[in-house]
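Please treat every number below as a calculation from the coordinates, not as lab data. In this text, all values refer to a predicted model and were calculated from it rather than measured experimentally. Quick reminder, even Gly has a Cβ in these numbers, built from the backbone with ideal geometry, and neighbours come from all protein chains shown.
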Amino acid sequence: MHSCGSEKHETIRNKLENNAEYVKSVNDVTKMFSLLGDVSRMKILLALCEGELCVFHICEITGGKQSAVSQHLRKLKDNHLVKSRKDGNLVLYSLADEHIASLIKTALEHRHCE
């Protein structure tokens, strides 16, 4: 039997098996990373890192078609990565919070460290 932190291993295993809130958080984070794994959605998020945009401008920036961009925005919004607000006839989209921008920035910095 190895003695390299077996108590620590047991603590982690208990968290993963017996803590429903922690398991839900792990599942939510996994789903978030899955959403971030799509190039089109990442382009949308990168555009929104620069500020609030309407669908038309997101399409213009990302080169996406309006129907596809709208579907991606719905998925991002449903999963709390993006929020929207109405301004007259326009719907403006922005990142749900600064954690999203920070996560993307950190990932890009990590990529450039290789």
Taking a threshold of 23 Å on the Cα-Cα distance, which of the pairs 43/75; 15/83; 24/86; 8/105 fall above it?
15/83; 24/86; 8/105
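Taking Cα pairs under 8 Å and at least six residues apart, what relative contact order does the chain come out at, in percent?
Here the relative contact order equals 20 percent.
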Here are several values of Cα extents along the principal axes in Å: (i) 35, 35, 26; (ii) 53, 32, 23; (iii) 64, 35, 22. Which one was derived from the coordinates shown?
(iii)
Under a plain spin-label model, where a point goes 7 Å from the Cα along Cα-to-Cβ, how far apart in nm are residue 42 and residue 7?
4.1
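Work out how much length residue 112 to residue 49 would gain on full extension: take 0.36 nm times their residue separation and subtract the Cα-Cα distance, in nm to one decimal.
20.8 nm
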